[in-house]
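Here is the structure we will look at.
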Amino acid sequence: MFGNLSNDLRYTVRSLRKNPAYSLVAIITLALGIGATTSVFSVVNSVLLRPLPFKSADELVQVWSRRTDNNKAPFTVPDFLDYRDQNQTLLSIAAYRNVALNFSGAERTERLPGLRVSANLFQLLGVEASVGRLMLPRDDTPDQRHVVVLTHDCWQRRFAGDAQIVGKSLNLNGESFEVIGIMPRDVALPIPEAELAIPLAPDVDPLRNARSSVNSLHAVARLKPGVTRAQAESDLTSIVTRQRQQYGEAYLKKIGVNVVPLFEELIGNLRTGLLALLGAVVLVLLIACSNLAALSLTRASGRSREIAIKKALGATSTRVAAQLLAESLLLAVLGGSAGLLLAIWGVRALLSLSPTSFPRAQEIGVDVRALAFAVGVSVFCAVIFGILPALQSARAEVNKTLKANGRGVGDGARQNRWRSVLVVTEVSLSFVLLIGAGLLIQSFKRVQAVQPGFDPADTLAVRVSLPRARYDNRAAVSVFVGKLLPALQTLPGVEEVGAVSLLPMGAGVSRVPFSVAGQATSASDTHTSQFRLVTPGYFRVLKVPLLQGRWFTDHDNAETSPVALVNETLGRRLFPSGNAVGAQIKIDDNNTGPRTVEIAGVVGNVKQLGLESEPTMDVYLPLAQIHEDSVGLVTNSSYWVVRSKATPRALEKAFIGELQKVDRDVATSDIKTLDDYLSESVGPRKFSLRILTVFSVAALLLAVTGIYGVVSYIVAQRTPEIGIRLALGAKPSQVFQLVLGQGVKVILVGVVLGSLAAFALSRVIRSLLFGVTPSDPATFVFVSVLLIVVALIACSIPARRATKVDPLIALRTE
C-alpha cells in the first residue's frame, strides 16, 4: 500500500513537472478562488453577518432626536436626563459625546480622540474588561470622575500592552486621570475613532438645567424584553411632546425621537458596497471553478490515449484512478496552501485599503468557515475533474480508444460542448464584473470632477486642541491666536495662514439653527446651516471667492458688532433679490438663546460634507467674536491651515516648533495636506472601486486563460484536418479564420449573456453610483469591445499556430 502511494506521488510530481503550464495555471486558479473568497467573506461576515460583540445585541438601539430639519440629530444633557428618568420602555440608556484629550508626558503633547460616556455604558452593552475593570455607575459621581478606560488598540499602540498601566495616572487636559481598565480586543467605543473614555457625569454637568444649550449628546439604549422599537420610539416621543408643552421655544424644532437598531447605525451605508463585493467574489469563485473544469477537461482529453496504453499494459482502472487522484490532491494541497496565504494577506490588504472609519475593523480576521467552504468547493472541482479521465476510461474500450487517438479524433463533440459552455460561463461572469467596475470608475471620475469650492494645493492642515483649563474663555483663545498667527506667517515659504473650527469634508459636522431677523414666526421659518468659526486669513488660504460685501478683518472682534459671512446658496435661497449683505440673522450658537448678527458678505459655496453632497447653507463667524458658550468648539478641536511652497514635512516641523514656543501643552494631531483630506472624503468609494477592479481584472485573466485553453485544444484536435486542408491548397489566412471562428462564437455568446445579466444585476449597485445610470451605454459598449478584443487576442495565438502546421507531419500521424 505504502509502496503504491510512494510510486503515485513520484509519478504525480514527474507528471506535473512535465506540464508546468497546466500545473501553474491550476494552482493559481485554486489560490485565487480560495484566497479572494475567504478574504472578502471574512470582512463581510465580521461586519454584516456576525452579531455585535455585546450581550443580547438585538435589544440595543441608537437614540436620536428627531427635528424638523434632521431625522438624526444629537440632543442636550437635560433631554438625556428626561429620557433616562421618564421612559417606560428602556432597561437602560447611556449617553456619550466627543471630547479631545490632550495627553502630556511624551516628547510633545498629543491630542487623543476620546468620548465622555455616562458610566453605565459598559454595563448596558454587557462588556467586561480584558484588564482591570470598566466604568460603573458610581464613576459618574463628583469624587470618582477622574478615571479613564482605554481601548485595546490604544493600550497596545501607545502603552505597548503593558498591564501595569492599570492603576497609574495619565495627564489629560492638564488633569490627572487614573487608568482603571482596558476594553476587550473586539470591542470599540460607540465612535470607533475614539481611543479612550472618561465619565460624562450628566447629573452634575453645568448644563444639566440649560434647556437651550448646544445639542451635542448621542445615546445608546437597551430595550426591555418584549418591547419593540416602535413602542420605544412612541414612549420617548411622548417625553418630547411634554417638553415642547413645558419649555416652548427651546423645543420649537424638536418633534420626537428616532430609534434605530445599533447594528444598522454602526454599519451605516457600507452594507450595499460590502454585499456588492461579496457578489463579485462569488462570481470570481465561479469563474475559477469553471476555468479549473475547462482546464481539467482539456487535459483529460489529451490523456485518454495515455490511460488506454497503461490499461493495455495491465494497469487496472483502480490504479489509474489512484494516480490521477493523487495528482488532483497534490494540486489541491498546493493551491489551497497558496490560497490560505493569499487569504491572510487579502484580509490585511482590505483593511489597509478600507476607510479610516470602517466599522468593526478590530473584529476582522480570516474566517475559518469561509476558508473551509472555499477550499471545499475548489478541491471538489479539482478532484472531480481531475479523475474524470479515469471515469471515462472505465467505460471506454482500450482498443477503440487507441485507434481513435491514433486518428486524432479526440474525445468527441460532447466534451467540446462542455468546454464551450464553461468558457461561455467565464466570459459572461467576467462581463458582469467588468461592467460593475466600469460603472464605479465612471462614478469616481464624475465625483473627482466635482469642484470642492476651494483650492487644496500646497496647503497643510494641523488639528489643534487647547488645554480647556487655561483656555476656557474667548479672551484666552484670542490671545493664543494672536501669538501663533504672526509667528507662522514669518516662516520661510509661508504665503497665508488661517484657522477654522472644522475643515470642509472632515469627519465631523457642525450645525447651527438660525432665522432671518423679523421673519421667524413658526418652526418653518427657522433653518439649519453648517457653522464655522474662522480667522480672516482662512478664506485666503483656501482661495474661497468673495461674491458680495466684504471679508472679515482684524477689527471684527469682541468689542465690535457681531458679523457673519454666508455662502452663495444661503444668500440665493433666503435673499433671492440679492440683498443679503446688511441683512440680519439670529443664530442659536449658545445656551441662552439666539443672538443677532449682521451679514457682512457672501462667499462662494464650499463642499462642507463631501463632494457628493448637496449644497448646504453655510454661516461663518469671526473666531474673535465666538460666543463664550461656544468656546469649547475651538478648544476641543480647531484646524490651522497654512499655504506654503515648503514641503509638508518641513512645514510640519516648523509649525510644531512655533506652536511649542507659544504653549507646549497645546496638542496636535491629524497633520495632513488638504489634498489628503480631499482624498479621504472619497475613501469608501475608492475602496469599493479598487477591490471590484482587482476582481474584474482577475476574472478577465481567468476567462482569457479558459478561451486560450479551449482554442488551443481545438487546434491540437484538428491538426490532421488542418494538414489536409493545407495540403489541398487552403491558404493560411483561411485556416486562421477557421480556427478564430471557433473562439468568436464562444466569445459572442458569452458577451450577449453577460450583457443581459449585467443589465439586471447592475441595479444592485445603484446606490454606489454618482452621475451614472446602471445601464450607462458607454460603459456597456466599452466593456464589450474590451472583452472581445482581449479574447480575440487569446484566440489568435493558437490560430496563428495552426497556420504553421506542416501538412506532411500532420498527415504522418494518421
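The values are calculated or read from the model by the stated rules, or taken from the named source; none is laboratory data. None of the values given here were measured: they were computed from a predicted structure. When we count neighbours, we look across all protein chains shown, and the Cβ atoms used for this are built from the backbone with ideal geometry, even at glycine. For accessibility, only protein heavy atoms count, side chains too; no ligands or nucleic acids. Shrake-Rupley method; radii C 1.70, N 1.55, O 1.52, S 1.80 Å.
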Under the 7 Å Cα-to-Cβ spin-label approximation, THR272 and GLN737 lie apart by a distance in nanometres of 4.9
If the chain between LEU81 and LEU786 were fully extended at 0.36 nm per residue, the gain over the current Cα-Cα distance would be 247.6 nm
Sorted list, accessible surface of protein heavy atoms, 1.4 Å probe, largest first, for TRP345, TRP640 is TRP345, TRP640
So, with points 7 Å from each Cα along the Cβ direction, the ASN557-ARG470 label distance in nm works out to 2.1
Residues meeting the amide H criterion for ASN557 (H placed from the backbone, H to H distance under 5 Å, 5 or more places apart or on another chain) are none
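With every protein chain kept in place and ligands, DNA and RNA left out, what is the accessible area per residue of the stretch 56-190? Probe 1.4 Å, answer in Å².
On the way: 5480 Å² over 135 residues.
So the stretch 56-190 comes to 41 Å² accessible per residue, rounded to a whole number.
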Cα-Cα longer than 20 Å, checked against LYS72/LYS224; LYS72/LYS586; LYS55/LYS254; LYS254/LYS607; LYS543/LYS653; LYS731/LYS804, kept in input order, equals LYS72/LYS224; LYS72/LYS586; LYS55/LYS254; LYS254/LYS607; LYS543/LYS653
Residues whose modelled amide H sits under 5 Å from the amide H of GLY537, counting only those 5 or more places away in sequence or on another chain, are ALA499
For ARG643, ARG242, ARG649, the accessible-area ranking with a 1.4 Å probe, largest leading, is ARG649, ARG242, ARG643
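Please compute the length gained on full extension between VAL697 and GLU614, using 0.36 nm multiplied by the number of residues separating them and subtracting their Cα-Cα distance.
Full extension from VAL697 to GLU614 adds 26.5 nm.
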Taking every C-alpha to C-alpha distance in the stretch 160-218 and binning by 10 Å from 0, the per-bin percentages run 15, 38, 33, 12, 1
Using a 1.4 Å probe on heavy atoms of the protein chains only, the accessible area for ILE724 in Å², nearest 10, reads 80
Here the residues of the stretch 602-630 lying in the modelled label zone of ASN579, meaning backbone nitrogen under 11 Å from a point 7 Å along Cα-to-Cβ, are none
Once all protein chains are kept in place, ILE27 shows an accessible area at probe 1.4 Å, nearest 10 Å², of 40
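State in Å² the accessible area per residue of the stretch 684-790; use a 1.4 Å probe, count heavy atoms of protein chains only, and round to the nearest integer.
Working: 5000 Å² over 107 residues.
Roughly 47 Å² per residue, with all protein chains present.
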Looking only at aspartates and glutamates whose Cα falls under 13 Å of LYS483's and that sit 8 or more positions away or on another chain, we get GLU658, ASP663
Relative contact order as a percentage, the stretch 36-187, C-alpha pairs under 8 Å and 6+ apart, gives 20
Counting only protein heavy atoms and leaving out ligands, DNA and RNA, the solvent-accessible surface of SER767 at a 1.4 Å probe, in Å² to the nearest 10, equals 80
Cα-Cα pairs in the stretch 111-249 separated by more than 20 Å, as a whole percent of all pairs, come to 54
Taking a crude spin-label model, label points 7 Å out from Cα along the C-beta direction, the ARG138 to THR241 distance in nm is 4.1
Quotient of Cα radius of gyration and Kirkwood radius for the stretch 625-734, i.e. Rg/Rh, equals 1.52
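Please give the FRET efficiency for THR773 paired with SER56, using the beta carbon to beta carbon distance and R0 = 45 Å, rounded to the nearest 0.05.
Working: r = 43 Å, r/R0 = 0.96.
The computed FRET efficiency comes out at 0.55.
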Sorted by chain and number, the residues with a modelled amide H under 5 Å from that of VAL603, at a separation of 5 or more or across chains, are LEU547, VAL566, ASN567, GLU568
Taking a label point 7 Å from the Cα of GLU249 along Cα-to-Cβ, the residues of the stretch 198-222 whose backbone nitrogen sits under 18 Å from it are 210-215
Heavy-atom accessible area per residue of the stretch 578-617, all protein chains kept, 1.4 Å probe, expressed in Å², is 37
Taking r as the C-beta separation of ALA457 and ALA349 and R0 as 25 Å, the FRET efficiency to the nearest 0.05 is 0.25
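Taking the Kirkwood radius as the inverse of the mean 1/r across Cα pairs, report the Rg/Rh of the stretch 19-159. Let's see the in-between values first.
Values: Rg = 22.7 Å, Rh = 19.7 Å.
Dividing the radius of gyration by the Kirkwood radius yields 1.15.
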Largest-first ranking of HIS627, HIS146, HIS152, HIS555 by accessible area, probe 1.4 Å, whole protein assembly kept, is HIS555, HIS146, HIS627, HIS152
